[in-house]
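Notes follow the structure.
Here, each number is a calculation from the coordinates, and none is a lab measurement. A quick note: this is a predicted structure, and the numbers were derived from the prediction, not measured. Please note: Cβ atoms are built from the backbone with ideal geometry, for glycine as well, and neighbour counts cover all protein chains shown.
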Protein chains: 2
Amino acid sequence: MEKKVKPCIADETILKQRFLALRDTLDLLSGKWRFCILLNLHYYEKLRFKDFFEVSKGISPKVLTSELTTLEAHQLIEKSIEFTPTKDIAYYRLTQHAQEIWHVLNTLIEFGLSNRKEVIQSLHQNDK
Amino acid sequence: MEKKVKPCIADETILKQRFLALRDTLDLLSGKWRFCILLNLHYYEKLRFKDFFEVSKGISPKVLTSELTTLEAHQLIEKSIEFTPTKDIAYYRLTQHAQEIWHVLNTLIEFGLSNRKEVIQSLHQNDK
DNA sequence: CATGACACTTTCCTAAAGGTAACTAACCAC
DNA sequence: GTGGTTAGTTACCTTTAGGAAAGTGTCATG
């Protein structure tokens, strides 16, 4: 999922660890649908596979599978089964660990909101 | 620079504005070299075009130009000319407005640092 | 006036992310 | 046992981000 050739900076000590940490986080969020999935899961608490097609309009099952797999591998979401008398239902939900990323997303959102007012208006005309 | 077909969520009111704001911010940071450039500019304060090839190892002039252009369009960096007796030197530096994004980057870095210890070790073996 | 440094631009190419569509396997309802 | 729903696969195709390499225009220095 990540690119093979990764960006790289010169400084070996002070900057590098922070740089790698930043890249990790952005790798985690940069998939086209990742943050969409996380945001929806935060809002709806739990979602089934099919639900994502309703709340994340435009995603395909192939992409959804791969995004869910990646997010699960990074322990941001987890799959749980609810057993009912007639059948078992699989749900996806955020992990405890993902609560931390929620703070991150909020920071990004707050920046985006303030930015949107000033700068972005000339771009993104397509999504009023 | 942004993808034509953009991810989309269902909810029209509560979630949507926050979703768009989040996408804006991630669009801004998701370029392969964007955050590298920003981080380096924060660290070195000002850099010339050629300097980026030293501090951002692996970037090509074509990509550098397009990333700088985008960042400048979003008013995160600016080009300034320093006049010396013999010649003029062009520098890039962060704008006032970018100070705000520095807080954002720090949040991403802090998350990445704590995450790196727990989860990521099995991945990214290639960049100790 | 030639040579080199600087700041790009242009052209071409590749790899990978993502889209489309069809298919499968399991389960339940009727 | 047929049809529908769910949860995915699989195969193929398109788009686009980014890389490589060479070229351009402008200065300045020798």
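Between B:Lys87 and A:Tyr44, the FRET efficiency estimated from the beta carbon spacing at R0 = 41 angstrom works out to 0.10. From least to most packed, judged by other beta carbons within 10 angstrom and beginning with the fewest, B:Lys32, A:Lys46 follow the order A:Lys46, B:Lys32.
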